1. Out of TYR212, TYR133, which single residue is within 24 Å of the chain's Cα centre (by Cα), farther than 26 Å from THR111 by Cα and either basic (Lys, Arg) or within 11 Å of the ligand (Cβ to nearest atom) (or both)?
2. Given LEU106, LEU94, LEU81, which one is surrounded by 21 or more Cβ atoms within 10 Å (Cβ to Cβ) and closer than 22 Å to GLY289 by Cβ?
3. So ASP154 passes all but one of these: (1) among the charged types (D, E, K, R); (2) in contact (Cβ under 8 Å) with a residue 60 or more places away in the chain; (3) crowded, with 16+ Cβ neighbours inside 10 Å. Which condition number does it fail?
4. Of all the residues that make up region 356-372, how many are touching a residue at least 60 places away in the same chain (Cβ under 8 Å) and of a type in the set (S, T, N, Q)?
5. Is it the case that region 144-160 has a residue that's under 18 Å from LYS242 (Cβ atoms) and within 8 Å of the ligand (Cβ to nearest atom)?
6. Taking into account only those residues within region 192-209 that are in contact (Cβ under 8 Å) with a residue 60 or more places away in the chain and farther than 24 Å from GLU339 by Cα, which is nearest to the ligand (Cβ to nearest atom)?
7. Among the residues of region 353-382, write down those that are more than 24 Å from the chain's Cα centre (by Cα) and either closer than 13 Å to ALA307 by Cβ or polar (S, T, N, Q) (or both).
Amino acid sequence: MTDLDSFRSDTRAGLEANCPPEMRQPMRSEDDACWGGRNWTFQSDAQRQWLEAMAERGWTVPDWPRDYGGGGLSADETRILKQEMARIGARQPLYSFGISMLGPALLKFGTEEQKRRFLPEIARGEIRWCQGYSEPGAGSDLAGLQTRAEDRGDHWLVNGQKVWTSYADKADWIFCLVRTSSQSKQGGISFLLFDMATPGVSTKPILLISGYSPFCETFFDDVAVPKDQIVGEVNKGWDVAKYLLGHEREMIAGMGLGSGGSLGAAMRPGDPLLRAEIAAFDVDALAFGAMSERFIAMWKAGEAHPASPSMMKYAGTELNKRRNELVMAAGGSDALEWESERTRGGQPARDWLRSKGNSIEGGTSEIQLNIAAKHILRLPGA
Ligand SMILES: Cc1cc2nc3c(=O)[nH]c(=O)nc-3n(C[C@H](O)[C@H](O)[C@H](O)COP(=O)(O)OP(=O)(O)OC[C@H]3O[C@@H](n4cnc5c(N)ncnc54)[C@H](O)[C@@H]3O)c2cc1C
């Protein structure tokens, strides 16, 4: 038996022993996702047990170093863990912007003290983070942001407004882009971390077409932030921001994978044209799955083109939108039903409406195409 074979059999036994049956059922809605944080209410004992069991082994972040709350697994071991979780249909124990976005940026740009302070809390799901990038006048043109942080000697004083801040009303801390100099657009941005309970921070939820309010307007009114909560150097936050965006796009690209099953196997509409569209979708989804495995292996090994998350984000989110369109087309007018138990509160329709945002969040599809055209294809004039 090789080391990896014995890792696989130990992992299989560990998961069998620790993953409660309820956590092996497909999620019925977004409400089944565990986000953790100071104010998190577990949906069930099973959800709590599953998070605790995985966090104890560092398996909420299997490839992070053990010193920072991770599992210290190699790339091969991490892949085996994922395969073994998929084998029993185990749910992701923790959904977290700390894991998918801030953590990688702290690992690369954070001080040793920042890594030891923030990463273990993220790994255990104790602190929930939100992302303060977009502003009313700065979305695609993110470097045009105007939220100011003034140097007040022993602290930064932050004033301004963010928008579309996902879960800002539920998050404990924010990673936030602020302007520390007006001398240069990109070169005047810094990357700050602060507690959402700091005096002067307020949030206002925005109601969406899907009936949910997953994000907010976020206001900063004379918010005092300790000096040591800056990541990277003053006025060099754009480097941190771009690196984090690559990881965000990698995470969003994963939406293209869906829940893993074939759409054709799940629904067989009478219309032959629709059946053909579903079959074509399944083929594209399989191709995307293969491309995604290759991309993630290269990305983790630092071998992927720096612009490749944009390509994957574009492909994954357009695929997810297509999946939801087909589910609605196959379901007919019945799929528009909004409130009954039978549709789990209109889940297919709400998922369909939510998927419209996929090609906007983390940078729009047009912007991803611009990046791929310029940096990957090197098209003239791009
Ligand atoms: C579900 C969801 C969650 C989000 N969560 C967060 C969050 O947690 N934190 C956060 O900071 N932000 C978040 N956002 C905001 C998101 O990052 C922005 O909406 C996005 O970057 C686009 O910016 P904008 O909305 O200002 O649109 P704009 O930049 O005004 O774009 C409007 C339109 O113009 C097009 N366009 C703009 N510039 C160009 C160009 N150069 N070439 C071609 N077309 C162009 C765009 O593609 C788009 O179609 C979220 C958005 C969504 C939908």
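1. Answer to the check: TYR212.
2. Values: LEU106 fails: closer than 22 Å to GLY289 by Cβ; LEU94 fails: closer than 22 Å to GLY289 by Cβ.
Criteria check complete, one pass: LEU81.
3. Against the list (1) among the charged types (D, E, K, R); (2) in contact (Cβ under 8 Å) with a residue 60 or more places away in the chain; (3) crowded, with 16+ Cβ neighbours inside 10 Å, ASP154 comes up short only on (3).
4. Selection size over region 356-372: 3.
5. No: region 144-160 contains no residue that is under 18 Å from LYS242 (Cβ atoms) and within 8 Å of the ligand (Cβ to nearest atom).
6. Our first condition is that a residue be in contact (Cβ under 8 Å) with a residue 60 or more places away in the chain; within region 192-209, this holds for 193, 196, 208-209.
Checking which are farther than 24 Å from GLU339 by Cα leaves us with 193, 196.
Numbers: LEU193: 15, MET196: 13 Å.
Applying the filter and picking the extreme gives MET196.
7. Kept after step one, since they are more than 24 Å from the chain's Cα centre (by Cα), are these residues of region 353-382: 373-374, 377-382.
Across region 353-382, the qualifying residues are ALA373, LYS374, LEU377, ARG378, LEU379, ALA382.
Table: residues versus (1) free of Cβ contacts under 8 Å to residues at least 40 places away in the same chain; (2) within 30 Å of ASP10 (Cβ to Cβ); (3) in contact with an Asp or Glu (Cβ under 8 Å, 6 or more places away or on another chain).
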residue	(1), (2), (3)
LEU51	no, yes, no
MET54	no, yes, no
GLY71	yes, yes, yes
ILE80	no, yes, no
MET85	no, yes, no
ILE88	no, yes, yes
LEU102	no, no, no
GLY132	no, no, no
ALA149	no, no, no
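The values are calculated or read from the model by the stated rules, or taken from the named source; none is laboratory data. As the structure is a prediction and not an experimental result, all values here were calculated from the model. Cβ: placed from backbone, ideal geometry, glycine included. Neighbour counts: every protein chain shown.
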